[in-house]
Amino acid sequence: MLIKIARYAVRVVLESGAIAITRALAAMTRRPSVSSFEREAMAQASRLYYGKNRKNAAWAWGEGPLVIFVHGWGGRAAQMAPLAVHVAKLGFRSVAIDVTGHGDSPKRHTRWHYFSRDIAALSRSLHEDVYAYVGHSAGALSMMAARNLEGIHAQRYVCICAPSYPFPPIDVIRKKLNPRKGVVERCKDDIAQQFETTWEQLQAGSSYADAGADTLLFYDETDRFVRHSEGDRIQALCPGAGLVKTSAYSHQKILAASELAQAVGEFLKKRVAGPQ
């Protein structure tokens, strides 16, 4: 019902009002339910706090080189928990973040710059070098952009079903609200400002600049939200990056795929072991 009202409103109100409505709806988040598989993994975690007034939540497993896991837009740390547990069992310290507006962190809305800001805040609060970042969808794009925006750094990066630039919310806005062209263009500008660049630079893949062989890309050919061809595009932007594809999972279910756990584990352990 809310979407139907908003769809009508953005067509009849002044453009400034349509932009405000569109931005507000695009920023809204929902807390997805936690599966029994995810709940079992979360039960093994210890809770951490980070960010302003230490109100944001994160979750930790294991000991060893630090690996930070970043969920996607509208996701939560619990979705990354099974993979984080698998990595912890391989000899790493896994930490999964709840970005502002998600999971057990405060607020009911989020922004792209919340992702980059929170990833950096968590990283600094842990007071140790980050060995790897593992991100899903918008979380993966944000962590790659945060390298320049926030100065974060790791030896390894894993991007799971990541878009090459932040087009998914624009696609959703067009599909659900069908606003005037001017509204869409203003939304693009708003997103670009959060990345401190232009929409054209984002489209060119600026978030992945200077990434290469230290990057693993993982996609599923049945994903209809972020198509697997995005992996090919990012690989072309990141010479030497690894690319793995499956053909049996959706955008979300891929996080529980055994193929993903195996590929991530091998990618991380290979670097730790070093040259033979």
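Every number in this text was worked out from the coordinates using simple rules, so none of it is lab data. Predicted model, so just to flag it, every value in this text is computed and none were measured. With ideal geometry, Cβ positions are generated from the backbone for all residues, glycine too; neighbour counts draw on all protein chains shown.
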Original post:
Anyone know which of Ser137, Ser33, Ser207 comes out most mobile in the 10 Å Cα GNM of the chain?
Top reply: Ser33
Original post:
Which of Asp223, Asp104 comes first, and how do the rest follow, when ranked by fewest Cβ neighbours within 10 Å?
Top reply: Asp104, Asp223
Subject >> Alpha-carbon centroids, the range 1-55 and the range 85-137: separation in whole Å >> reply: 17 Å
Original post:
Hey, rough spin-label estimate for Val13 and Glu128, points 7 angstrom out along Cα→Cβ, what's it come to in nanometres?
Top reply: 4.8 nm
**OP:** Between Leu48, Leu217, Leu83, find the one with the highest GNM mean-square fluctuation for the chain; connect C-alpha pairs within less than 10 Å.
**Re:** Leu48
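With charges only on Cβ, +1 for K and R and -1 for D and E, what is the dipole size of the range 93-198 about its Cα centre, in debye, rounded to 20? Display every interim value, and only then the final one.
Working: 15 positive and 11 negative charges, 101 e Å.
In debye, rounded to 20, the range 93-198 gives about 480.
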Original post:
How far, in nm, would the chain grow between Gln262 and Ser36 when pulled straight, counting 0.36 nm per residue and subtracting the alpha carbon separation?
Top reply: 79.2 nm
Original post:
Binning every alpha carbon pair distance of the range 86-128 at 10 Å from zero, what are the percents per bin?
Top reply: 26, 44, 27, 4
Original post:
Hey, if you put +1 on the Cβ of every Lys and Arg and -1 on every Asp and Glu Cβ in the chain, which of Ala20, Pro32, Leu237 ends up farthest toward the positive end of that dipole?
Top reply: Ala20
**OP:** Fewest Cβ neighbours within 10 Å first, please rank His86, His127, His153 accordingly.
**Re:** His127, His153, His86
Original post:
What lysines could a cross-link reach from Lys176, if we take a straight Cα to Cα line under 18 Å and drop same-chain neighbours fewer than 8 places away?
Top reply: Lys4, Lys188
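Tell me, what is the FRET efficiency for Ser250 and Asp189 to the nearest 0.05, using R0 = 22 angstrom and their Cβ-Cβ distance as r?
Numbers: r = 31 Å, r/R0 = 1.42.
Here the calculated transfer efficiency is 0.10.
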